[in-house]
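For reference, the structure is listed below as structure tokens.
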Amino acid sequence: MEYTHAAMQSTRGNDRRVLRIGHRGTAGHAPENTIAAIRKGISLGADFVEMDVQRTRDGRLVVMHDALVDRTTDGSGLVCDITWDELQLLDAGGGERVPSVEAALAAANGHAGVMLEVKAPGIGPELYRAVRTLAFPGPVIYASFLHAEILAIRSIDPLAKTMALIESVPLSGAAVGRDANAAMVGLAYNSATAEFIATLHDAGLEVWLYTVNEPRLIQRAIDLGADGVISDYPERVPKIRW
């Protein structure tokens with residue numbers, strides 16, 4: 001399976017590869033950010049599975065989107081106030097447990113790339129070192145709305161692939177990628193325009209749009225020039241656009 005931008009056909013031509021990214025594993029089919037969601041995303045042909053990373057009170061890196069466990073488990077409280085052992089007592093949906101980063105990477109190993117979103121301040125370098133220690137062989141993208149986190153990762157490894165997440169078109173334009181020292185930009189679909197995506201491409205940045213679920217909107221994201229589409233239903237993203 002090819003993952004790199006160089007392996008994709010030009011975003012400026014009529015034919016190109018558009019990557020499928022399973023959002024929170026594949027949240028449309030399984031409890032989000034669980035091993036079941038990761039495996040389901042892989043089975044549906046996702047090129048990458050996206051996961052969110054928090055840290056427990058005792059320093060374990062875990063896969064969960066919210067700062068609170070209340071929405072996605074049968075527990076309550078802040079992830080950062082709960083120990084790993086306490087977290088493992090919670091049901092994350094359908095009997096699933098909140099996975100560690102190690103377990104999540106093991107589930108994806110050899111099957112898909114991973115997009116790891118840094119959700120908590122200060123854990124970016126720790127996450128990078130954990131991935132290196134695990135020697136995950138597939139492509140890894142470190143993403144965050146906290147651009148200081150991906151800057152910190154790039155300061156450790158200038159070759160690390162990072163993505164600056166943004167919710168809207170910034171006044172600085174494509175400089176948002178340069179300021180974050182990122183190779184990629186993740187942009188909210190509702191804010192995307194063909195003009196801004198072209199500006200990012202001209203600056204050498206890949207562009208993934210999130211979170212796009214309806215088939216007609218997925219097609220529009222492709223028409224706007226997205227290099228990747230992040231979706232709860234990655235199987236809806238066509239593998240090839242002719």
* **Inter-residue pairs, beta-carbon under 8 Å, first over 13 Å from M115 (Cα atoms) and in the range 16-33, second among the acidic types (D, E) and surrounded by fewer than 22 Cβ atoms within 10 Å (Cβ to Cβ), 6+ apart** => R17/E2; A27/D232; G28/D232; H29/D232; A30/E96; P31/E96
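Among D58, D70, which is of a type in the set (D, E) and without any contact (Cβ under 8 Å) to a residue 12 or more places away in the chain? Explain how you work it out, then say what you get.
Details: D58 fails: without any contact (Cβ under 8 Å) to a residue 12 or more places away in the chain.
Matching residue, one of D58, D70: D70.
Name the one entry in G177, G204, G186 that is under 27 Å from P215 (Cα atoms) and either touching a Leu at 6+ places or on another chain (Cβ under 7 Å) or part of a loop (DSSP other than H, G, I, E, B) (or both). Steps first, answer last, please.
Values: G177 fails: under 27 Å from P215 (Cα atoms); G204 fails: under 27 Å from P215 (Cα atoms).
Result: G186 is the single residue among G177, G204, G186 that is under 27 Å from P215 (Cα atoms) and either touching a Leu at 6+ places or on another chain (Cβ under 7 Å) or part of a loop (DSSP other than H, G, I, E, B) (or both).
Regarding V229, is this residue buried (at least 18 other Cβ atoms within 10 Å of the Cβ), outside any helix (DSSP H, G or I), free of Cβ contacts under 8 Å to residues at least 24 places away in the same chain and not charged (D, E, K, R)? Reasoning before the result, please.
Numbers: buried (at least 18 other Cβ atoms within 10 Å of the Cβ): yes; outside any helix (DSSP H, G or I): yes; free of Cβ contacts under 8 Å to residues at least 24 places away in the same chain: no; not charged (D, E, K, R): yes.
No: the conditions fail for V229.
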* Structure fact -> Pairing a residue in the range 160-177 that is in contact (Cβ under 8 Å) with a residue 24 or more places away in the chain and small (G, A, S) with any residue that is in a loop (DSSP other than H, G, I, E, B) and surrounded by 12 or more Cβ atoms within 10 Å (Cβ to Cβ), where Cβ atoms lie under 8 Å and the two sit 6 or more apart in sequence or on different chains, gives A174/A203; A174/L205; G177/A183; G177/A203; G177/L205
* **Only listed residue being modelled with pLDDT of 95 or more, touching a strand residue (DSSP E or B) at 6+ places or on another chain (Cβ under 8 Å) and over 30 Å from P215 (Cα atoms), chosen from R20, R24, R60** => R60
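The values are calculated or read from the model by the stated rules, or taken from the named source; none is laboratory data. This is a predicted model, so every value here is computed, not measured. Reconstructed Cβ throughout: ideal geometry from the backbone, glycine too, with neighbour counts over all protein chains shown.
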